[in-house]
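Report on one structure; see the data block that follows.
The values are calculated or read from the model by the stated rules, or taken from the named source; none is laboratory data. Computed from a predicted model, the values in this text were never measured in an experiment. We place every Cβ from the backbone using ideal geometry, glycine too, and count neighbours over all the protein chains shown.
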Amino acid sequence: MMNVISQFMSDCRTASTYHELEAKFKDVFQSFGAETGTLSCIGSPANLLNSLKVVGSPDSEFVRTYAENNFIRYDPAAKKSITTLSGFSWDECRIEARNDPRALNVLDVAHDFGYQNGFVVPIHSGLGNFSVVTFTGDHLDLDATTRGCLHLIAIYYHVALERLMLIDTAASKPDLTERQIEVLRWVSAGKTDWEIGQILSISEATVNRHVERAKERIGVRTRAQAIVECLVNGIVSF
């Protein structure tokens, strides 16, 4: 069993694409009896279903029902994830929510769709952000060893996914010259081309030329779009 975990750790370090990582993730969690693995929310607790990524064979009708009924407001697993660092099962949520009919209804609906049990791993960062990895399966035997292994799998999957996201972000950054970045910083501060020219001791026409070439490199049509892209990529800041 530890050989399986060790191999997955190695796979997480070497995976170069999302498809490759998800295939390894699926193989390892299925070896522990889980049928699906879901990562939700690389973000704040206020956006728990942001960046939902499901690996396996989820029931699309259940996902639609969950969203249409706004179950995120009552889901006991979602609420518990915000306040704990330890992995927990849906059965534990059912016990804790025994006096909350709306919370129990979420679990009952999941059960009706064939999700007999689930194991949830909250992953909190030091920046107030957190993610939730959930494993589901009809034959999920959650003994102490399986819980520990699934917890490790969730953590390594999350770290590997963040690594690939950082690579994508770095690769998507527009290649701008120092002067173009400098000019866009002043544009973001609300300066006109004439004012920027006075600050940098260049002509107004030269300022405009730098802006236009920067827009071409970024692949946008307006100055506002250029500034937004630079803010998103950390090239300029307010």
Return yes when L200 is buried (at least 19 other Cβ atoms within 10 Å of the Cβ) and not hydroxyl-bearing (S, T, Y) and no when it is not. no
For segment 62-92, how many residues are outside any loop (DSSP other than H, G, I, E, B) and under 18 Å from S40 (Cα atoms)? 21
Of all residues making up segment 8-40, the number that are part of a helix (DSSP H, G or I) and among the hydroxyl-bearing types (S, T, Y): 3
Of the numbered conditions (1) of a type in the set (V, I, T); (2) farther than 13 Å from A154 by Cα; (3) modelled with pLDDT of 80 or more; (4) more than 16 Å from the chain's Cα centre (by Cα), V63 fails exactly one; give the number of that condition. (3)
Within segment 142-162, can you find the residues that are without any contact (Cβ under 8 Å) to a residue 40 or more places away in the chain and assigned to a helix (DSSP H, G or I)? A144, G148, I155
Every residue in segment 138-157 that is surrounded by 14 or more Cβ atoms within 10 Å (Cβ to Cβ) and at pLDDT below 85, please. L140
Within segment 179-210, restricting attention to residues that are assigned to a helix (DSSP H, G or I) and among the β-branched types (V, I, T), which residue is farthest from A224 (Cα to Cα)? I199
Under the condition of being acidic (D, E) and within 21 Å of N117 (Cβ to Cβ), which residue from segment 1-39 is modelled with the lowest pLDDT? E35
